[in-house]
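Colleague: One structure, as structure tokens, below. Some questions next.
Read the figures in this text as sums done on the coordinates, not as results from a lab. What you see is a predicted model; the values in this text were computed from it and never measured. Using ideal geometry, Cβ is built from the backbone for each residue, glycine included, and neighbour counts are taken over all protein chains shown.
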Amino acid sequence: MRLYAIAVGWILLAISIAQALVPAPYDWQRNTVSELAAQAYEMAWIMRAGFIGFGGLLTVGAGQRLMINVKENRPDAFVLLYGMAVLLSGVYSTAPFVEGVFYSEPEVRTHSLMATVAGVAISLGMAGRMITEPAPMRKFFHLAALVLVLILSILFGVLAEGTGIIQRALYLVGFVWLVGSETISLQMRSKSQDGW
């Protein structure tokens, strides 16, 4: 079953709905996807369900892949960690995107920690797949995803403006890599298109 693809579809649906319903102070170019699930925001449950569902599906999918073949799917241990961290980032929310609203600072720190763990975990998963991949074209796919994630992560930390756009680009690269990685694994298992 293509749980990575289902997970990506789930979170894309949640982001689309949450963003369509968010009030005017929120600006998708400046505000992050995490802020769609912010503390004290009445519609936060939509994005929280997106994070929790996405993380849960990835965790189950990565667990299944590891049970099928631990040696071959070792990099999916990082996807499992990524999934758990995203799930927890849906439980622990970031600060509100409007001023003057009471919120829990420890919860914000936990959310930030989980987001950092998620970023490191998916990067390590990409690196692991790149190292273990024997086919040059597939190796390049993993390398390209890793390089893009690293560049976008640096931009996200350095630039004050456009953080919403940069974070969405980070998510997009991760989503493409997850679906592509799953597709490659399924192709290799079925041996229908060896050498892609």
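Colleague: Rounded to the nearest Å, what's the spacing between the alpha carbon centres of the range 115-132 and the range 1-51? Just the number, please.
Modeller: 23
Colleague: Let me ask another. Lys and Arg at +1, Asp and Glu at -1: add these up for the other residues within a Cβ distance under 12 Å of T132 and post the number. The partial results should precede the final answer.
Modeller: On the way: positive: K71, R74, R129, R138, K139; negative: E72, D76, E133.
Value of the local net charge: +2.
Colleague: Turning to a different aspect of this structure: Show the residues, 5+ positions off or on another chain, whose built amide H is closer than 5 Å to the amide H of N31.
Modeller: G164
Colleague: Also: Could you compute the net charge surrounding Q39? Neighbours are other residues with a C-beta less than 13 Å from the C-beta of Q39; K and R count +1, D and E count -1.
Modeller: On the way: positive: R48, R109; negative: E35, E42, E105, E107.
Result for the local shell: -2.
Colleague: Here is a follow-up. Which of rounded, prolate or oblate describes the range 1-46 when judged by the alpha-carbon gyration tensor and an a/c cut-off of 1.5?
Modeller: prolate
Colleague: Could you derive backbone 3J(HN,Hα) for the range 62-78 from the dihedral phi with the Karplus parameters 6.51, -1.76 and 1.60 (θ = phi - 60°), listing whole Hz in sequence and x where the residue is Gly or Pro?
Modeller: My calculation for the range 62-78 gives 5, x, 4, 5, 5, 5, 5, 7, 4, 4, 5, 9, 3, x, 5, 4, 6 Hz in order.
Colleague: Something else about it: Sort 7-14, 70-77, 20-27 by packing, meaning the average of other beta carbons within 10 Å per residue, with the highest value first.
Modeller: The densest-packed peptide leads the list: 7-14, 70-77, 20-27.
Colleague: Apply the Karplus curve 6.51 cos²θ - 1.76 cosθ + 1.60, θ = phi - 60°, to the phi angles in the range 18-26 and return the couplings in whole Hz, x for Gly and Pro.
Modeller: So the J values, rounded to whole Hz, are 4, 5, 5, 9, 6, x, 3, x, 7.
Colleague: Can you pull out the trypsin sites (Lys or Arg not before Pro) in the range 108-196 that DSSP calls coil and that have at most 15 other Cβ atoms within 10 Å? Could you put the intermediate results ahead of the total?
Modeller: Working: sites: R109, R129, R138, K139, R168, R189, K191; in loops: K191.
Listed in order of number, the matching sites are K191.
Colleague: For the chain, what does the helix formula give at 222 nm: sum of -39500 (n - 2.57) over DSSP H segments with n ≥ 4, over the residue count, nearest 500 deg cm²/dmol?
Modeller: Here the helix-only value at 222 nm equals -25000 deg cm²/dmol.
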